[in-house]
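The values are calculated or read from the model by the stated rules, or taken from the named source; none is laboratory data. This is a predicted model, so every value here is computed, not measured. Every residue, glycine among them, receives a Cβ derived from its backbone with ideal geometry; neighbour counts consider all protein chains shown. Heavy atoms of the whole protein, side chains included, go into the accessibility calculation; ligands, DNA and RNA do not. Shrake-Rupley method; radii C 1.70, N 1.55, O 1.52, S 1.80 Å.
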Amino acid sequence: MNVQALNPLGLKRPIAAGRKRVETGRAALRTAYETKPLTTRLLHGHAALVDAVIAKLWKACRMPTNVALVAVGGYGRGELFPYSDVDLLILLPEPSDGDMETRLSVLLGALWDVGLVIGHSVRTIDECLEAAQTDITVQTSLLESRHLMGNATLYQQLQTRYRAQIDVREFFRAKLLEREQRYTRHHDTPYALEPNCKESPGGLRDLQLLGWVAQAAGLGHNWQELARQRLITGNEASDLRDVERFLQHVRIRLHYLTERAENRLLFDYQERLAHAMGIKATRAKRASEILMQRYYLTAKKLTQINSILIQNYSNEIFPGRELPAIVINEHFQAVRELLDIRDEKVFERHPPALLDCFLLLQQRSELKGMTARTLRALWTNRTRVNAAFRADPVNRAKFLEILKHKRGILLAFRWMNQDGVLSRYLPPWRRILCQMQHDLFHAYTVDQHTLLVLRNMRRFTRGEHAHEYPIMTSLMLGFEHPWLLYIAVLFHDIGKGRGGDHAILGRVDAREFCEHHGLETEDTELVVWLVRHHLMMSFTAQKEDTTDPQVIQKFATAVGDERRLTALYLLSHADIRGTSPKIWNGWKGKLFEDLFFATQRLLRGATPQQALRQDRRIDEARHLLRYQGLLSGAENALWSQLDPVYFMRHSSDEIAWHARMLHSQVESNQPVVKARVLEKLSGIQVMVYAPDQQDMFMRLTGFFSRMGLSILDAKVHTTRHGHVLDSFILQKLEEEDEPGCDVPSLIEHKLMLALQNQEKIIRPPQVLPSRQLKHFPITPHITLSADEAGRHYILSITAADRPGLLFDIAEVLAAHGVNVETAKIATLGELVEDSFLLTGGGLAQASRAIKIERELLERLQL
């Protein structure tokens with residue numbers, strides 16, 4: 001080989017011409033697409049453009065005639081998205097030598113120089129086949145390969161040997177396992193708020209998998225051929241083409257929008273992508289919400305057809321011995337542990353059988369799902385669930401029977417939602433179907449969130465989850481008619497997306513459902529009340545001072561009786577845990593638990609003080625101290641310096657802990673800092689006892705922020721002799737600690753030094769807002785008002801969360817001489833709803849209060 005002839009200087013003109021051709025060709029394709037968006041023309045046109053450029057450079061590099069250049073991956077299919085990689089296989093007749101490696105290096109360098117992003121492999125036929133045996137990705141890429149240049153005979157030999165080697169059954173199993181792993185990486189849902197249009201469930205990769213299996217098994221090369229094989233219907237083939245076209249449009253637009261191979265529908269792009277696709281906002285929905293709802297509905301449709309087609313593939317690839325069907329009743333039979341309709345027109349002749357499907361799956365544990373033809377018939381006949389169907393007493397009774405069954409309720413409703421039956425039976429459900437929630441704490445669409453809440457509620461009934469939810473399980477097992485709670489779950493968010501108060505709108509829908517289904521008046525009123533007030537417990541527990549007897553009395557009055565209280569507690573717990581994996585923590589659980597039991601005692605006849613166990617806390621604390629070995633009376637030195645409010649706001653365990661740590665240092669002028677891990681709350685509790693210093697609360701909040709600790713709760717007290725006794729519940733912002741790091745001891749050491757030396761207060765470093773906050777900005781909201789007694793002022797703040805936020809609030813309050821007595825911190829994703837009990841600072845003067853509010857608003861702006 002004349003390697004010297006391959007001097008890159010000799011390729012200067014071909015590379016320049018190739019680069020110009022790529023640039024002008026891509027620009028022309030983009031212009032044509034934006035003028036008339038045709039996905040096939042763009043994808044095939046881009047592949048053809050690259051084919052031509054590669055062919056020119058292959059010839060310019062004088063590649064040997066015994067070598068073959070092969071397109072693989074999406075490029076092998078003849079489809080190339082605007083910024084996708086160009087995947088190539090350089091097929092050699094024998095292992096390469098030094099001269100060949102030089103030629104290949106020059107060729108690949110030239111391809112990069114013209115502006116192509118190249119992914120390549122260099123193999124012989126034997127090496128290709130060996131790699132394909134152990135790597136399903138290589139096996140798949142060879143399946144859809146395409147000859148480009150060079151030795152066509154060598155390529156045909158590869159294809160012949162590859163086809164002889166491929167084991168269709170093993171290929172099918174491997175692709176399903178690969179799909180399962182991919183789904184796990186993407187949280188097993190098509191309904192993530194920022195899905196990947198290529199890799200997520202319901203994305204383009206699912207379509208490609210269907211095509212790969214069909215090719216490997218010789219079942220067809222396109223949707224029409226699959227329809228001719230009767231693996232799908234003509235309508236399903238058309239639906240698949242529509243799904244494919246929509247997902248291709250989304251991916252093409254994403255590439256052009258970001259000018260790179262971006263496949264994630266991030267919040268940063270959704271609004272601009274919607275506008276690029278010609279979607280306009282309405283009064284109730286943003287353009288991005290409409291886009292994402294279309295995306296989720298498309299993914300849902302693909303998931304439906306995918307289930308049918310994969311099952312039909314399995315029947316073709318693993319035909320096996322036909323087992324006799326087991327007759328269940330006149331309409332259904334069991335085939336291979338799947339529910340099967342006995343004839344194609346069963347739903348047409350007997351529409352109530354549409355609900356019988358789900359009842360039978362609940363009743364017969366041996367059934368693992370439905371046959372492909374049953375799934376198809378369900379979807380095709382879903383429109384038979386109409387006004388007359390909904391008004392039929394037989395169907396109403398069946399629907400309630402599904403809700404009342406002891407097993408399979410969640411699966412039944414997931415199937416009904418997937419197959420379109422639920423949105424037909426509950427018309428308001430259509431409005432929340434695949435409805436995105438544009439806020440900073442919901443991680444799922446409204447319908448998927450509702451089904452997660454139902455999942456949580458069902459877990460409360462199951463023994464295997466009792467260790468996770470012991471109180472919930474006990475309450476649920478003792479609750480009469482738990483199916484009423486499931487109805488409340490279905491309707492609690494059903495009013496979203498209509499432009500009004502979703503709890504009020506949902507209440508109307510819930511009442512109509514209950515009355516139409518013949519529920520007792522008492523049961524109807526419970527469900528309607530739960531839907532209307534499903535946020536009340538969350539608000540009270542997280543935003544109000546639940547150590548205040550008046551707050552407990554007010555909440556108990558609103559609840560009315562213990563049945564409602566128990567139902568609301570169960571619903572609130574299930575609701576928050578179904579919002580996002582990041583929202584719930586042990587501290588929130590304690591807030592709800594404390595509120596529930598205090599209200600329960602009040603409803604059972606206790607006084608507000610007894611309900612809060614204020615009369616028993618000191619006795620319980622003394623008992624703990626004796627148990628822990630502290631001599632009788634040792635606690636009196638500290639307790640004599642504390643007012644009744646302290647004992648109201650702390651649990652008996654906290655009171656005993658403080659006394660045990662401080663009984664010998666009550667008069668000390670040196671600061672005392674103690675920290676302990678609270679395993680149940682997944683947090684750290686810190687106690688600070690010291691002579692009062694100027695701006696103490698600001699000093700402490702700044703320290704915790706710099707340590708990477710988030711404050712969940714703060715209780716601030718000043719003793720009669722001028723010491724502060726502050727208690728904080730903290731949580732680490734980052735889960736990972738350095739090996740061997742003892743966080744409580746580190747806090748004690750560093751904070752002790754800071755207080756002893758009265759170190760200069762340092763502002764925590766500024767942190768840029770998250771991506772979510774850029775696209776869903778939160779306007780800060782502040783209220784400042786006196787409590788009913790007029791002795792304290794309550795400051796409520798709603799704002800975007802960020803490190804150092806509490807320090808900024810403390811700094812403003814300290815500048816005006818305002819004292820913080822308690823702080824209640826509620827974090828919902830990126831949103832904080834904080835409440836503070838304040839004294840001092842001349843808050844009674846309206847002008848002073850307004851000035852403080854204005855300064856706080858300025859500091860809260862991001």
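Within the range 137-165, can you find the residues that are farther than 24 Å from Ala47 by Cα and either surrounded by fewer than 17 Cβ atoms within 10 Å (Cβ to Cβ) or modelled with pLDDT under 95 (or both)?
Gln157, Thr160, Arg161, Arg163, Ala164, Gln165
Filter the range 503-553 down to the residues that are among the aromatic types (Phe, Trp, Tyr) and either part of a loop (DSSP other than H, G, I, E, B) or within 27 Å of Trp587 (Cβ to Cβ) (or both) and list them by number.
If the condition is that a residue be among the aromatic types (Phe, Trp, Tyr) and either part of a loop (DSSP other than H, G, I, E, B) or within 27 Å of Trp587 (Cβ to Cβ) (or both), then Phe539 is the only one that fits.
Need the failing condition index for Ser84 against (1) assigned to a helix (DSSP H, G or I); (2) under 19 Å from Leu148 (Cβ atoms); (3) open to solvent by 10 Å² or more (accessible area, probe 1.4 Å), just the number.
The number of the failed condition is (1).
Residue by residue, here is whether (1) under 32 Å from the mean Cα position of the chain (by Cα); (2) open to solvent by 70 Å² or more (accessible area, probe 1.4 Å); (3) not small (Gly, Ala, Ser) holds:
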position: Leu375; (1), (2), (3): yes, no, yes
position: Arg382; (1), (2), (3): yes, no, yes
position: Phe389; (1), (2), (3): no, no, yes
position: Val394; (1), (2), (3): no, yes, yes
position: Leu411; (1), (2), (3): yes, yes, yes
position: Trp415; (1), (2), (3): yes, no, yes
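Table: residues versus (1) more than 16 Å from Tyr569 (Cα to Cα); (2) open to solvent by less than 50 Å² (accessible area, probe 1.4 Å); (3) in contact (Cβ under 8 Å) with a residue 60 or more places away in the chain.
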{"position": "Pro470", "(1), (2), (3)": "no, no, no"}
{"position": "Leu490", "(1), (2), (3)": "yes, yes, yes"}
{"position": "Gly497", "(1), (2), (3)": "yes, yes, yes"}
{"position": "Glu512", "(1), (2), (3)": "yes, no, no"}
{"position": "Leu519", "(1), (2), (3)": "yes, yes, no"}
{"position": "Asp523", "(1), (2), (3)": "yes, yes, no"}
{"position": "Leu526", "(1), (2), (3)": "no, yes, no"}
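Restricting to the range 189-219, name every residue that is among the small types (Gly, Ala, Ser) and buried (at least 19 other Cβ atoms within 10 Å of the Cβ).
If the condition is that a residue be among the small types (Gly, Ala, Ser) and buried (at least 19 other Cβ atoms within 10 Å of the Cβ), then Ala192, Ser200, Gly202, Gly203, Gly211, Ala214, Ala216 are the ones that fit.
Is the range 668-684 home to any residue that is touching a strand residue (DSSP E or B) at 6+ places or on another chain (Cβ under 6 Å), open to solvent by less than 30 Å² (accessible area, probe 1.4 Å) and in a loop (DSSP other than H, G, I, E, B)?
Checked the range 668-684: at least one residue is touching a strand residue (DSSP E or B) at 6+ places or on another chain (Cβ under 6 Å), open to solvent by less than 30 Å² (accessible area, probe 1.4 Å) and in a loop (DSSP other than H, G, I, E, B).
Quick grid of which residues meet (1) in contact with an Asp or Glu (Cβ under 9 Å, 6 or more places away or on another chain); (2) surrounded by fewer than 21 Cβ atoms within 10 Å (Cβ to Cβ); (3) of a type in the set (Lys, Arg):
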| site | (1), (2), (3) |
| --- | --- |
| Gly45 | no, yes, no |
| Arg62 | no, yes, yes |
| Gly78 | yes, yes, no |
| Glu94 | no, yes, no |
| Leu104 | no, yes, no |
| Trp112 | no, yes, no |
| Ser121 | yes, yes, no |
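Looking only at the range 787-806, count how many residues are open to solvent by less than 50 Å² (accessible area, probe 1.4 Å) and either in contact with a Leu (Cβ under 6 Å, 6 or more places away or on another chain) or part of a strand (DSSP E or B) (or both).
8
Is there any pair linking a residue in the range 217-245 that is within 20 Å of Glu144 (Cα to Cα) to one that is among the charged types (D, E, K, R), with Cβ under 6 Å and at least six apart or on different chains, and which?
Trp223/Arg241
Filter the range 357-416 for residues that are in a loop (DSSP other than H, G, I, E, B) and among the charged types (D, E, K, R); which is farthest from Arg230 (Cα to Cα)?
Top of the filtered list is Lys406.
Here is a yes/no grid of residues against (1) surrounded by 12 or more Cβ atoms within 10 Å (Cβ to Cβ); (2) of a type outside the set (Lys, Arg); (3) assigned to a helix (DSSP H, G or I):
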{"site": "Asp619", "(1), (2), (3)": "no, yes, yes"}
{"site": "His623", "(1), (2), (3)": "yes, yes, yes"}
{"site": "Leu631", "(1), (2), (3)": "no, yes, no"}
{"site": "Ala637", "(1), (2), (3)": "yes, yes, yes"}
{"site": "Gln641", "(1), (2), (3)": "yes, yes, no"}
{"site": "Met648", "(1), (2), (3)": "yes, yes, yes"}
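Looking at the structure I just gave you, is Ser727 closer than 26 Å to Leu813 by Cα and part of a strand (DSSP E or B)?
Spelling it out, Ser727 is indeed closer than 26 Å to Leu813 by Cα and part of a strand (DSSP E or B).
Filter the range 451-468 down to the residues that are assigned to a loop (DSSP other than H, G, I, E, B) and of a type in the set (D, E, K, R), then identify the one that is least open to solvent (accessible area, probe 1.4 Å).
Glu468
Hey, among the residues in the range 807-835 that are of a type in the set (A, V, I, L, M, F, W, C) and closer than 29 Å to Gln437 by Cα, which one's surrounded by the fewest Cβ atoms within 10 Å (Cβ to Cβ)?
Leu831
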